[in-house]
Amino acid sequence: EIANVAGILRDVIDEIPPGIDWVLQVDGHTDDVPLRPGAEFADNWELSQARALSVVRYMVNTLGLPPARLSANGFGEYQPVNPDDSAQARAQNRRIELKFTGK
């Protein structure tokens, strides 16, 4: 799906008026389960940031999007889409969101 979005964006980049200072914001999110001691990441904020950054790097290095037009942001567990205490809700909260916005 990320490649599909990047393809659409590549197709319309040249049509965006030069006066519009845009960015594709990649937001990483996690569930609310604390990471175990000794995990690769210190906490869910760090994990969510790494999740977003991996998508940004993929979009730049593999899909050819301009790096100056991307940002990676981590929100940790603090913006859940489903606040329920279930495996399904936690899975929904582990996500990436793409937002086309101004700088």
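The values are calculated or read from the model by the stated rules, or taken from the named source; none is laboratory data. This is a predicted model, so every value here is computed, not measured. No Cβ is skipped: glycine too gets one built from the backbone with ideal geometry, and neighbour counts run over all protein chains shown. Just the protein is used for accessible areas: all its heavy atoms, side chains included, with ligands, DNA and RNA removed. Shrake-Rupley method; radii C 1.70, N 1.55, O 1.52, S 1.80 Å.
When each of Pro67, Pro34 is tested for being out of contact with any helix residue (DSSP H, G or I) (no Cβ under 6 Å at 6 or more places or on another chain) and either within 22 Å of Lys103 (Cβ to Cβ) or not basic (Lys, Arg) (or both), the lone residue that passes is Pro34.
Tell me whether segment 42-56 contains one or more residues that are more than 22 Å from Glu1 (Cα to Cα), modelled with pLDDT of 95 or more and of a type in the set (Asp, Glu). For segment 42-56, residues more than 22 Å from Glu1 (Cα to Cα), modelled with pLDDT of 95 or more and of a type in the set (Asp, Glu): present. Can you report the number of residues in segment 44-67 which are under 16 Å from Asp27 (Cα atoms) and more than 10 Å from the chain's Cα centre (by Cα)? Total meeting the criteria: 9. Scanning segment 67-77 for residues that are in contact (Cβ under 8 Å) with a residue 24 or more places away in the chain and at negative phi gives Arg69, Leu70, Ser71, Ala72, Asn73, Gly74, Phe75, Glu77.
Yes/no per residue for (1) in contact (Cβ under 8 Å) with a residue 40 or more places away in the chain; (2) open to solvent by 70 Å² or more (accessible area, probe 1.4 Å):
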residue	(1), (2)
Val23	yes, no
Asp31	yes, no
Glu40	no, yes
Ser48	no, no
Val60	no, no
Gly64	yes, no
Asn82	no, no
Arg94	yes, yes
Lys103	yes, yes
